[in-house]
Amino acid sequence: MTESPQTPAWPAPKAEQPILATVSLPGSKSLTNRALVLAALSDGPSVVRDALRSRDTDLMASALRSLGVDVDTAGADWSVRPGVLRGPATIDCGLAGTVMRFVPPVAALANGRIAFDGDPHARSRPMAEALDALRAFGVTVEDEGRGTLPFAVVGSGRVQGGTVVLDASASSQILSGLLLAGARYADGVDVRHQGSPIPSLPHVEMTLEQLRRHGVEVDDTEPDRWRVPSGPIRAVDVTIEPDLSNAGPFVAAALVTGGRVTVRGWPRRTTQAGDRLRGLAAAMGGGVELSDEGLTVTGTGALEGIDHDLHDVGELTPVVAALCALAKSPSRLRGVAHIRGHETDRLHALATELSGLGADVTESDDGLDIRPATMHGGVFRTYADHRMAQAGVILGLAVDGVLVEDVATTAKTYPDFADSWSRII
């Protein structure tokens, strides 16, 4: 279990003219990993088309293979043949929240002891509610009271399931992980959330939509309650949408430089949180047009500050914060206390790194206040966080001498991001 490979600080290219580009994005990590889990639990073989090949999805494929699932990732379309789930096994979660939260409920269905660990940063990500939920379903979990990685799930080949009350306010992935596997439990699952509002609700909607596509019944008619009865998960071939959250830097490129960028294949309807970039770009002064070709964003080069609650789309915060640091008026970003438990404490990391380049930033409990200031070059640290790296390159569009530490960490969800970025500048 290692950190992302360390590379020398990368000179983020500065834009000397408006950027005019058309880009194609790799597939969605969130959709790919949900599709792989459901395919692994389904009643027959299936294909995941246009799957994202990245560190997070490779880790998911490896985890499922460790449990006895045949996952063939040789081509652009990945084939999955379910097998008898079995242990013992050791699973590397890397820094992937989807692996550390989606795979344990699957591992509980296997025979044997399944050990989980990941990168050092992963050991601070919240897992206690997910592990306690498995215990409530009768699963043996060994974590020495940490509530974090490393831990082990000792499966007996069967999970009773039933009702559980938990607090999923730290991460919507805790809820999604239980729902994805719930139909395979003897009594299904009846999950009731009790606590602050669940963050990133579009990701829960994504989970529900994918379950229904696989023929799984989901009752979400009551607030903060989700019921999945026991039953088969139908094998379905799926095609993965482009990763809209990874569109953030390219949308930003149009806004910052007064350019025009088209992102191909933008779906007209989607559960991806990244779709909110359309409204955010417009709020910051950009022109936004969705057509059959894709999403086209046109900028003026003058960014408007915003006052926005990002609770449901917290993963967009680093990109939006970088844009706000370049805006001509103040901004307030709020509702994202939960991103302190992401790949790093993103709020503190953003406040630290933006301030280090001259931005005027105040960190609050659940967000950032950002005021106009003259910025300067320097090293922008990423804390092994792909979204931090993307924030750094956005600043480099307008600020001379920005050096992004470990830009290779973007391989978590976007292999070759640095090369793609350099080509459009």
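Here the sum of -39500 (n - 2.57) over DSSP H runs of 4 or more residues, divided by the residues of the chain, equals -9000 deg cm²/dmol at 222 nm, to the nearest 500. With the convex hull drawn around the C-alpha atoms of the range 69-164, the volume per residue stands at 107 Å³.
The stretch between ALA373 and ASP43 holds 113.1 nm of extra length on full extension. This uses 0.36 nm per residue minus the Cα-Cα distance. Exposed loop sites, defined as GluC sites (Glu not before Pro) outside DSSP H, G, I, E and B with at most 11 other Cβ atoms within 10 Å, are absent from the longest region of the chain, namely 145-425.
Report the calculated FRET efficiency for GLU142 and ALA186 (r = Cβ-Cβ distance, R0 = 22 Å), to the nearest 0.05. Working from the Cβ atoms, E equals 0.45. Compute a Gaussian network model of the chain, connecting alpha carbons closer than 10 Å, and tell me which residue from LYS412, LYS328, LYS29 fluctuates the most. Sorting by GNM fluctuation, first place goes to LYS328. With 0.36 nm allotted per residue and the present C-alpha distance subtracted, the SER230-GLN194 stretch has 10.6 nm of extension available.
For THR90, the residues whose modelled amide H falls within less than 5 Å of its own, excluding neighbours fewer than 5 places apart on the same chain, are ALA115. Each 10 Å bin from zero holds the following percent of Cα-Cα pairs in the range 74-113: 25, 43, 31, 1. Computed about the Cα centre, the dipole magnitude for the chain is approximately 520 debye when only Lys and Arg (+1) and Asp and Glu (-1) carry charge, each at its Cβ. Rounded to the nearest 20 debye, the dipole magnitude of the range 29-225 is 400 debye, with +1 charges on Lys and Arg beta carbons, -1 on Asp and Glu beta carbons, and the Cα centre as origin. 3J(HN,Hα) couplings calculated from phi for the range 135-143 with the Karplus curve 6.51 cos²θ - 1.76 cosθ + 1.60 (θ = phi - 60°) are, in sequence order, 4, 5, 8, x, 8, 7, 10, 10, 9 Hz; Gly and Pro show x. Less than 5 angstrom separates the built amide H of ASN111 from those of ARG86, GLY87, GLY157, all sequence-distant by 5 or more or on a different chain.
Computed over the alpha carbons of the chain, Rg followed by Dmax gives 21.0, 61 Å.
Taking every Cα-Cα distance in the range 327-423 and sorting them into 5 Å bins from zero, the calculated P(r) comes out as 2, 14, 23, 24, 20, 13, 4, 0 percent. Comparing SER62, SER196, SER54 in a Gaussian network model of the chain where C-alpha atoms under 10 Å apart are linked, the largest mean-square fluctuation is found at SER196.
Only lysines eight or more places from LYS328 in sequence, or on another chain, were considered; those with a Cα closer than 24 Å are LYS14. When every Cα-Cα distance of the range 29-225 is counted in 10 angstrom steps from zero, the calculated P(r) takes the values 9, 40, 40, 11, 0 percent.
Can you give the FRET efficiency for ASP167 and ASP307, using 1/(1 + (r/R0)^6), R0 = 25 Å, r = Cβ-Cβ distance, to the nearest 0.05?
Working: r = 28 Å, r/R0 = 1.12.
Approximately 0.35, to the nearest 0.05.
Summarising the amide proton neighbourhood of PHE380: residues at separation of 5 or more, or on other chains, whose placed amide H is nearer than 5 Å comprise LEU403, VAL404, GLU405. Here the 3J(HN,Hα) profile of the range 151-158, calculated from phi with Karplus coefficients 6.51, -1.76 and 1.60 at θ = phi - 60°, is 8, 9, 10, 9, x, 10, x, 8 Hz, Gly and Pro shown as x. Find out how many positive minus negative residues lie around PRO82, taking Lys and Arg as positive, Asp and Glu as negative, among other residues whose Cβ is under 9 Å from that of PRO82. Its environment carries a net charge of -1. If you add up the charges near LEU290, with Lys and Arg at +1 and Asp and Glu at -1, over every other residue whose beta carbon is less than 10 angstrom from its beta carbon, what do you get? Charge balance near LEU290 sits at -2.
We did not get these values from a lab; they are worked out from the coordinates using the rules stated. Predicted model only: the values in this text are computed from it and were never measured. Here Cβ is always computed from backbone atoms with ideal geometry, including for glycine, and neighbour counts include all displayed protein chains.
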